[in-house]
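Q: Okay, here's the structure, questions in a sec.
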Amino acid sequence: PKDLPQSVGRVGAGAVTFRARWAEPESPPVLTDMACIWAPNPGRQTVPRSELVGAKEAALEAAPSTRLGIDAAYVQKGLATVSWNRARYSASRNGDLWDPLAEVFQAKGLAAAKVKAHLSCEALFDPSAGDDRDDLLGNWLADVMAQVSAQLANPPEMDLKALSILGAMTYKLLRRLI
């Protein structure tokens with residue numbers, strides 16, 4: 001629900017690695033070597049953090065010297081500058097995620113490329129997409145995985161009410177004990 005405080009709401013990260021072979025421009029691709037990844041965010045629950053988590057999870061699964069398509073300009077631009085501006089990123093609000101991400105990218109010799117974000121499935125079969133179809137497919141699948149992650153991390157509203165009541169009871173109990 002949109003009225004939840006940020007500390008209670010959850011966002012999730014999604015990433016996908018794959019190889020695609022397109023037999024016909026308007027036919028579905030054949031996917032091989034595919035890994036679908038979803039992950040909850042550690043710590044604060046923000047979209048930039050979920051983008052960093054998704055990039056790190058994809059980087060961990062990627063083969064060395066792979067080009068990773070990333071739709072978040074924040075992550076893609078950050079990866080382009082983090083090697084020479086590491087101290088700034090380490091000290092940032094999301095420094096706990098930038099450091100491991102930069103280390104994986106550097107150790108594996110990975111490259112990040114900006115791809116279009118949040119496209120419809122129909123865009124995959126647009127003949128004018130040409131070579132961008134792999135990026136479109138990867139981004140669409142990663143969005144699906146992020147939705148799965150957020151769904152799994154978001155307890156139903158009834159559970160939230162129960163957690164709220166439990167939290168209030170715990171607080172009252174602790175106040176009596178202190």
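The values are calculated or read from the model by the stated rules, or taken from the named source; none is laboratory data. Please read all numbers here as calculations on a predicted model, not as lab measurements. Here the Cβ is made from the backbone with ideal geometry for all residues, glycine too, and neighbour counts use every protein chain on show. Remember, those area values only see protein heavy atoms, side chains included, never the ligands or the DNA or RNA. Shrake-Rupley method; radii C 1.70, N 1.55, O 1.52, S 1.80 Å.
Q: Of all the accessible heavy-atom surface of segment 47-152, with the other protein chains kept in place and a 1.4 Å probe, what percent is carbon and sulfur?
A: The C+S portion of the solvent-accessible surface of segment 47-152 is 54 percent.
Q: Please give me the summed charge of the neighbours of Arg19: other residues whose Cβ is under 11 Å from its Cβ, Lys and Arg +1, Asp and Glu -1.
A: It works out to a net charge of -1.
Q: Let me ask something else about it. Please calculate the 1.4 Å probe accessible area of Glu51, with all protein chains present, and give it to the nearest 10 Å².
A: For Glu51, solvent-accessible area is about 50 Å².
Q: Mind putting a number on the dipole of segment 37-121 about its Cα centre? Charges go on the C-beta only, +1 for Lys and Arg and -1 for Asp and Glu, and I need it in Debye to the nearest 20.
A: I would put it at about 280 debye.
Q: Based on the mean of other Cβ atoms within 10 Å per residue, sort peptides 85-94, 69-78 so the most packed one is first.
A: For the peptides 85-94, 69-78, the packing ranking is 69-78, 85-94.
Q: How much net charge surrounds Ser90 when only the other residues with a Cβ under 13 Å from the Cβ of Ser90 are counted, with Lys and Arg +1 and Asp and Glu -1?
A: Local net charge: 0.
Q: Cα gyration tensor of segment 33-111, axes a ≥ b ≥ c as square roots of the eigenvalues: rounded (a/c below 1.5), prolate (a/b > b/c) or oblate?
A: oblate
Q: When Lys and Arg each count +1 and Asp and Glu each count -1, what net charge do the other residues less than 12 Å away from Lys56, Cβ to Cβ, add up to?
A: Counting the neighbours of Lys56, the net charge comes to -4.
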